[in-house]
Number of protein chains: 2
Amino acid sequence: MSAPAITAVRDASHYSTAPARPITIALLGLGRIGSAVARRAREDRASPQPLRVVGALVRDVTMARPGAEEIPRTTDVAELFARRPDVVVEVLGDIEAARTLIRGALERRVPVVTANKALMARHGEELLGLAIRTGTAFRYEASVLAGVPFLGTFSARPLASRVTALSGILNGTTNFVLSQMRDTGAGLVETTLDAQRRGFAEPDPSQDISGNDAAHKLAILAWHFGLGSIAPEAIETIGIDGIDTDDVTAADQFAGVIRPVARIEQSGEGTTAFVGPAFLPRTDRLAQVDGVENALVLETDAGRLFFSGPGAGPIPTATTILDDVIEATRGGQPHAPVNRRGRVPVGPPATSWFLRLTARRLPPGDEIVGFLGSYGIWSHRTLTRGQGIWLLTYPCTRDRVEMALCALSAATPCDGYAIRALVEH
Amino acid sequence: MSAPAITAVRDASHYSTAPARPITIALLGLGRIGSAVARRAREDRASPQPLRVVGALVRDVTMARPGAEEIPRTTDVAELFARRPDVVVEVLGDIEAARTLIRGALERRVPVVTANKALMARHGEELLGLAIRTGTAFRYEASVLAGVPFLGTFSARPLASRVTALSGILNGTTNFVLSQMRDTGAGLVETTLDAQRRGFAEPDPSQDISGNDAAHKLAILAWHFGLGSIAPEAIETIGIDGIDTDDVTAADQFAGVIRPVARIEQSGEGTTAFVGPAFLPRTDRLAQVDGVENALVLETDAGRLFFSGPGAGPIPTATTILDDVIEATRGGQPHAPVNRRGRVPVGPPATSWFLRLTARRLPPGDEIVGFLGSYGIWSHRTLTRGQGIWLLTYPCTRDRVEMALCALSAATPCDGYAIRALVEH
């Protein structure tokens, strides 16, 4: 880097090291996020260089794009690349078209920024490898905890990024839904519709509710933090649609909450991971993350780090994408995290369980506890309420708990449902 | 950057872009942190390049350095620089010698890493300006929230670093002391001695207890996040030594805690800041940060971001310093945050107050409330306990509250003490 021509140290302008030439951006996609990027770029006052969107690749040039009318649109990617953008921003959201377009840009050595979780979960390492081979900047900060910059930070810091486990609330829609169920007593469907009305949930929230969105993000975190490459499908992924308001109330009686948790852990026995609703004691840091907020806990040998902030939404996502654009134009090495483990097998962990047992006529609580104990499921807290019993168990595998519930439903009129619990003993 | 010679994408080694030549480090200082850096460098397995400490500048070469015996020591800085280290790490901890040595290194274009809060609070912008002029890397990630990387992140991300306010728990010793006073009921002196025994507090904890350490860190954050240059002395800085266990108990009755808080805010009326013990409702994110942990809340137009983790200690600090060393050798621009405001005047804010009034024979509570009201101090909660009354007031300036307490002590036998309260109305 050459020294900028600056004379006085106290001159406030000595911070401005970049020339004022605009940074030109080509958008791949001009939907909700793409339009927000265009708007934020136009209104920005923080960047040392103006940010200018020079065109957008769209499927239909005639479609209305509220707030992004001035952006030249094309269906021809060659025409877009002919504008010689400084950076390509991919906000299409699908996998195959995005992958091909990003490969094309990186092969031409055009820096790329993406927020595409599904793509990065499946092909992130491949694309990063291509970026490193071609010496081209490639950033994906908005793909996890969209409004909180941390991925780029850790990829440049090999000591701090040696994590043994990480857990988080990686999906804002489901965290909002579970928070609202507790606060209002409303059911899952009603609360999800409310989230859609408020603009927190997508028109089709199935990727959120099912846990698939969080599983994609967990897979990205796994390779980014060197815990290994894992297929999102290999992660135990449970939707929040099995949770009802009685579970939320019972969790409260156990001084806990139910949160949409994603966790991966590496130990002597291998790598375990899960995504799904989980009981957490109220004192757990993740239990205190409410509403649409997202959060991440990193367990490192230098201590536990915690980050939280907006996990989605057009403004935080566009802000992060544009900061990525600025970083991408400043050169330096592509992000190069330290996944030296390659593909690793991943299984479900043994955890405590928050069990719900319901029946029209419940057997006495101590009979149920005794029956489950005979299958090796020992509980240390029970609550009977209406036609349900809730238990908090000692750690065991899902196989064992499902087998016990199966036997219980054969021997008694009880229906069981098992929710993971992260409780320290 | 040239493309590394790599052929197979799935080859895990494609992440390793750096050659295996060791990174050589010269330490300025070999005290508690310097020795920890030497030890961590020797034991490191995470860095793609070996980390080698080639020498340390010390005042006394004969002094024992447990755990760092193998490090060549010298009192002659010219001899140390003659070893041509890749990076100089400054861990002296004073101001003037450190400033001169760092200037000398930067003028020779040798990258510098420091963890020196007092230095960076007073001369950080000057040193950063020199680094930018000479095109030399200069990093100070461990100076605030030592174990949590975020300063470098935001300096490269101008959109996200547009904060309007920031608040945090920036000193672990005082947070440990106030947490322990609540948990054990022990007094300030006893708890501080306990912190020293556990190695959390320095042999002389006065910089922590007085709030000066946190004021230094707040001054660094102020210029780093573009809120302006402020002299640490200009920040209202109150020690925690005015807090007694009765205050902690009374705060608990008001569903709150007392935490060592640092806050700066920029509004239409100017910049306000304070450092000192403050009442926080239990639901406040900072209220949930216990023990030696540190935390920071950034208020941005894209939402509230929260970071927490170890704020001090040899292992987290050494980890952060060595990651800074690695980043410093990778080139790129020096950190260039966006303080375009220059030096700004800073005053104390108007906040709510948590007031303690004590007397051998207390006047009736409603008389006190009425008296304070006649001075414009209105309280919305009161608690009488033993020989004390605690009140939680509506927001007003410190001047006004001190004047009212002064008048009260003239008119009645009551002694008053005012603690800031961060409460939303």
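Every number here is computed from the coordinates shown, using simple stated rules; none is lab data. If you're wondering where the values come from, they're calculated on a predicted model, not measured in any experiment. Please note: Cβ atoms are built from the backbone with ideal geometry, for glycine as well, and neighbour counts cover all protein chains shown.
Each label was represented as a point 7 Å from its Cα along the Cα-to-Cβ direction; for A:Asp246 and A:Glu126 these points are 4.7 nm apart.
Peptide packing for B:308-316, B:194-202, A:217-225, A:242-250 was compared via the average number of neighbouring C-beta atoms within 10 Å per residue; ordered from the highest value, the list is A:217-225, B:308-316, A:242-250, B:194-202.
Neighbours of B:Arg99, meaning other residues whose beta-carbon lies under 12 angstrom from its beta-carbon, give a summed charge of -2 when Lys and Arg score +1 and Asp and Glu score -1.
Efficiency by 1/(1 + (r/R0)^6): what FRET value for B:Asp60 and B:Arg343, r their Cβ-Cβ distance, R0 = 45 Å, to the nearest 0.05? Don't jump to the answer; show the numbers that get you there.
Details: r = 39 Å, r/R0 = 0.86.
Here the calculated transfer efficiency is 0.70.
Starting from the label point of B:Asp301 at 7 Å along Cα→Cβ, the same points in the other copies fall at 4.4 nm, in ascending order. What FRET efficiency comes out for A:Asp415 versus A:Arg198 if R0 is 30 angstrom and r is the Cβ-Cβ distance? Round to the nearest 0.05. In this case the efficiency is close to 0.35.
For chain A, the longest principal axis of the alpha carbon atoms and the long axis of helix A:398-411 meet at an angle near 40°. Using only Cα atoms and rounding to the nearest 10 degrees, what angle (0 to 90) does helix B:314-329 make with the longest principal axis of chain B? Its long axis makes an angle of about 50 degrees.
May I ask what percent, to the nearest 5, of DSSP beta bridges between residues of chain B are antiparallel?
DSSP beta bridges in chain B are roughly 65 percent antiparallel.
Here the Karplus curve 6.51 cos²θ - 1.76 cosθ + 1.60, taken at θ = phi - 60°, turns the phi angles of region A:178-185 into couplings of 5, 4, 5, 4, 6, 6, 10, x Hz, with x standing for Gly and Pro. For region B:94-161, trypsin sites (Lys or Arg not before Pro) are listed when DSSP marks them as loop and at most 16 other Cβ atoms sit within 10 Å of their Cβ; the list is B:Arg108, B:Arg109. Hey, which lysines would be in cross-link range of B:Lys117, C-alpha to C-alpha under 21 Å, not counting anything within fewer than 8 residues on its own chain? Answer for B:Lys117, where 21 Å is the Cα cut-off: B:Lys217, listed by chain and number. Applying the Karplus relation 6.51 cos²θ - 1.76 cosθ + 1.60 with θ = phi - 60° to region A:140-149 yields 3J(HN,Hα) values of 8, 4, 7, 6, 9, 6, 3, x, 10, x Hz, where x marks Gly and Pro. Each residue of region A:379-394 was assigned a 3J(HN,Hα) from its phi angle through the Karplus curve 6.51 cos²θ - 1.76 cosθ + 1.60 (θ = phi - 60°); the sequence is 10, 10, 8, 9, 9, 10, 8, x, 9, x, 10, 10, 10, 10, 9, 6 Hz, with glycine and proline shown as x. The H on the amide N of A:Arg343, modeled in the peptide plane, is under 5 Å from the matching H of A:Ser229, each at least 5 residues off or on a different chain.
Counting Cβ atoms of other protein chains within 10 Å of each residue's Cβ and taking the mean over peptide A:305-314 gives 5. Extending 7 Å from the Cα toward the beta-carbon at both B:Glu96 and B:Arg52 defines two label points whose distance is 3.7 nm.
What do you get for the angle between helix A:212-224 and the principal long axis of chain A? Use alpha-carbon atoms, 0 to 90 degrees, nearest ten. Helix A:212-224 sits roughly 60 degrees off the main axis of chain A.
For A:Gly185, inter-copy separations between label points set 7 Å beyond Cα along the Cβ vector come to 3.8 nm, shortest first.
Under 5 Å from the amide H of A:Cys396 lie the amide H atoms of A:Thr351, A:Ser352, each residue being 5 or more positions distant or on a separate chain, with H modelled from the backbone and absent for Pro and chain starts. Annotation for region A:60-122 versus region B:165-205: alpha-carbon center distance of 52 Å.
Spacing of the modelled spin labels on B:Arg304 and A:Ala234, each 7 Å from Cα toward Cβ, amounts to 3.9 nm.
Distances between equivalent label points of B:Thr397 across the copies, with each point positioned 7 Å along Cα→Cβ, amount to 6.9 nm, shortest listed first.
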